[in-house]
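Everything below concerns the one structure shown next.
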Amino acid sequence: MKLLKNLLRAFKKIKVFLTLCFSVLLFSCGGGGGNTSAPSPNPQTSNLSFSWEVVSPESQGLSATKVSAAMNFAMEDGRYTQAAIIIKNGKIVAEQYRGIQTNEVNALVNHPQTAWTADSLNTIYGARDTNSLVSSWSVAKSITSILFGIAQGQGYFSGSLDTTAATYLTEWANDSKNTITIKNLLDMRSGLVPKCYSDLGGWVECDATTISGGGGFVSSNNQLNECINNRTMAATGQTHSWYQSGLFNYDEGDWVYQNCDTQILGEIFFRAVGQDIKTFADTHLFSKIGITSDSAQWWRDNTTGGQANGNYLTYCCLDMTARDFARFGKLYINKGMWGDLEILDSSFVELATKPVFERSPYYGYGWW
């Protein structure tokens, strides 16, 4: 965990590309208790014999030249790409893997905030293949969303994501945060001040620079407590440096992409469902679509106790193979179905992926 956290720090101010083309039509960009009275789902099993078929681009009506150009672009030195896959009609038409490249090594070694060496980077991030784990970064937000959709379908959250977060976060029950809904958090419209963390300055209100990528706090040992307990509702009708670089007034309900909102969702899930989100995912999502619990590694913070001796980082950092990530694209392309097994209600998929102007900039339910 410490090693992975150091890498994420190193990448914080460097543009990183993780190119995973889930399909040509679908893509996505970090205490127990509570009410656990929900109907038990019917036991179901999925056909786990599915495996990706690799075919030529031409067989699916694509230009081999253009597909090759796209893959070359994805794999350029300086893009930090670990893996790239292009899928059409449920079949892989292009797939490529690589380790860290020369310019990328030099950029990290020479970055003033890291202590990486060329040898350590090449050792850890050397050659890659279909069995190598890659990190989701913020695509984990979309997978967190899927799990909320599955749990909602099982009757949790009173069957509605319009349930207030304070139903489970009793810390919010008696203040101005008690009207924030689960959906507000999924949509990044909580109205809460975004928080950031650094080893030197601790937790502070984000500014125009540190809010980039949702606000960083991966180096904090406890990445949940501050997000729940020490954020206030943002003042409306005035400017804030973290909102539109301070160029426009912030109004309640405006969209602000911040990691804390999704990190809180992990704790709401834990309290509402009675399981941490990874345990639930292993049973009700990953195993159903052919991803083993060992191959799906979800980062936790370093706090003692928490959801599973550490709080799961629901806003980021779920590691699995590129082909396994592509399974989520297949799931959504098929409106929540995996073969003849319904994993997720199609209405939830529609709501998550439907472009709605008032959700501008086209973000909602943890999906772009």
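The values are calculated or read from the model by the stated rules, or taken from the named source; none is laboratory data. Computed from a predicted model, the values in this text were never measured in an experiment. Please note: Cβ atoms are built from the backbone with ideal geometry, for glycine as well, and neighbour counts cover all protein chains shown. We work out accessible area using only protein heavy atoms, side chains counted, and drop any ligands, DNA or RNA first. Shrake-Rupley method; radii C 1.70, N 1.55, O 1.52, S 1.80 Å.
A search for C-beta distances below 7 Å between a residue of the range 355-368 that is within 21 Å of Tyr243 (Cβ to Cβ) and of a type in the set (D, E, K, R) and any residue that is open to solvent by less than 20 Å² (accessible area, probe 1.4 Å) and modelled with pLDDT of 90 or more, counting only pairs 6+ apart in sequence or on different chains, returns Arg359/Asp187.
For the range 108-137, what are the residues that are surrounded by fewer than 18 Cβ atoms within 10 Å (Cβ to Cβ) and among the aliphatic types (A, V, I, L, M)? Passing the criteria: Val109, Ala115, Ala118, Ile124, Ala127, Leu133.
Annotation: Asn89 fulfils all but one of (1) of a type in the set (S, T, N, Q); (2) touching a strand residue (DSSP E or B) at 6+ places or on another chain (Cβ under 6 Å); (3) on the phi > 0 side of the Ramachandran plot; the unmet one is (2). Exposed (fewer than 13 other Cβ atoms within 10 Å of the Cβ) and in a loop (DSSP other than H, G, I, E, B) - does that describe any residue in the range 180-195? No - not one qualifying residue is present in the range 180-195. When the range 196-230 is filtered for residues that are closer than 26 Å to Ala166 by Cα, hydrophobic (A, V, I, L, M, F, W, C) and either touching a Cys at 6+ places or on another chain (Cβ under 8 Å) or open to solvent by 10 Å² or more (accessible area, probe 1.4 Å) (or both), the ones remaining, listed by number, are Cys196, Trp203, Val204, Cys206, Ile211, Phe217, Val218, Leu224, Cys227.
Just one of the listed residues (Gln82, Gln113) is within 19 Å of the chain's Cα centre (by Cα) and modelled with pLDDT under 95, and it is Gln82.
Quick check, is Gly78 under 30 Å from Ala118 (Cα atoms) and in contact with a Lys or Arg (Cβ under 6 Å, 6 or more places away or on another chain)? Taking the combined requirement at face value, the residue does not satisfy it. Scanning the range 253-275 for residues that are of a type in the set (Asp, Glu) and under 20 Å from Thr209 (Cα atoms) yields a total of 2. Does Val256 meet the test of being more than 19 Å from the chain's Cα centre (by Cα), buried (at least 22 other Cβ atoms within 10 Å of the Cβ) and either at pLDDT 95 or above or under 24 Å from Lys195 (Cβ atoms) (or both)? Judged against the criteria, Val256 is not a match.
If we keep just the residues of the range 348-362 that are open to solvent by 60 Å² or more (accessible area, probe 1.4 Å) and within 19 Å of Val256 (Cβ to Cβ), which is modelled with the highest pLDDT? Across the range 348-362, the extreme among qualifying residues is Tyr362.
Give me a count of the residues in the range 291-311 that are touching a Leu at 6+ places or on another chain (Cβ under 9 Å) and either open to solvent by less than 20 Å² (accessible area, probe 1.4 Å) or modelled with pLDDT of 95 or more (or both). Full working, then the answer.
Quick first cut of the range 291-311, residues touching a Leu at 6+ places or on another chain (Cβ under 9 Å) only: 291, 295-301, 303, 306-307, 311.
Checking the rest, the ones that are also either open to solvent by less than 20 Å² (accessible area, probe 1.4 Å) or modelled with pLDDT of 95 or more (or both) come to 291, 296-301, 303, 307, 311.
The number of residues fulfilling the criteria is 10.
When the residues of the range 157-170 are filtered to those that are surrounded by 15 or more Cβ atoms within 10 Å (Cβ to Cβ) and not small (Gly, Ala, Ser), the one that is nearest to Asn230 (Cα to Cα) is Leu169. Just one of the numbered conditions (1) more than 30 Å from Leu331 (Cα to Cα); (2) open to solvent by 30 Å² or more (accessible area, probe 1.4 Å) is not true of Val105: (2).
Take the residues of the range 327-347 that are assigned to a strand (DSSP E or B) and among the aliphatic types (A, V, I, L, M): which is surrounded by the fewest Cβ atoms within 10 Å (Cβ to Cβ)? Even if it seems obvious, please write down each step before you answer.
From the range 327-347, those assigned to a strand (DSSP E or B) are 337-338, 341-342; that's our starting set.
Narrowing further to those that are among the aliphatic types (A, V, I, L, M): 337, 341.
Values: Met337: 16, Leu341: 13.
It comes out as Leu341.
Looking at the range 303-326, is at least one residue in contact with a Cys (Cβ under 9 Å, 6 or more places away or on another chain), of a type in the set (A, V, I, L, M) and in a helix (DSSP H, G or I)?
Step one: of the range 303-326, the residues in contact with a Cys (Cβ under 9 Å, 6 or more places away or on another chain) are 315, 326.
After this cut, where a residue has to be of a type in the set (A, V, I, L, M) as well, the list is 326.
This time we only want the ones that are in a helix (DSSP H, G or I), so: 326.
Within the range 303-326, one or more residues are in contact with a Cys (Cβ under 9 Å, 6 or more places away or on another chain), of a type in the set (A, V, I, L, M) and in a helix (DSSP H, G or I).
Tell me whether the range 40-51 contains one or more residues that are at pLDDT 80 or above, hydroxyl-bearing (Ser, Thr, Tyr), part of a helix (DSSP H, G or I) and open to solvent by 60 Å² or more (accessible area, probe 1.4 Å). No, the range 40-51 has no match at all.
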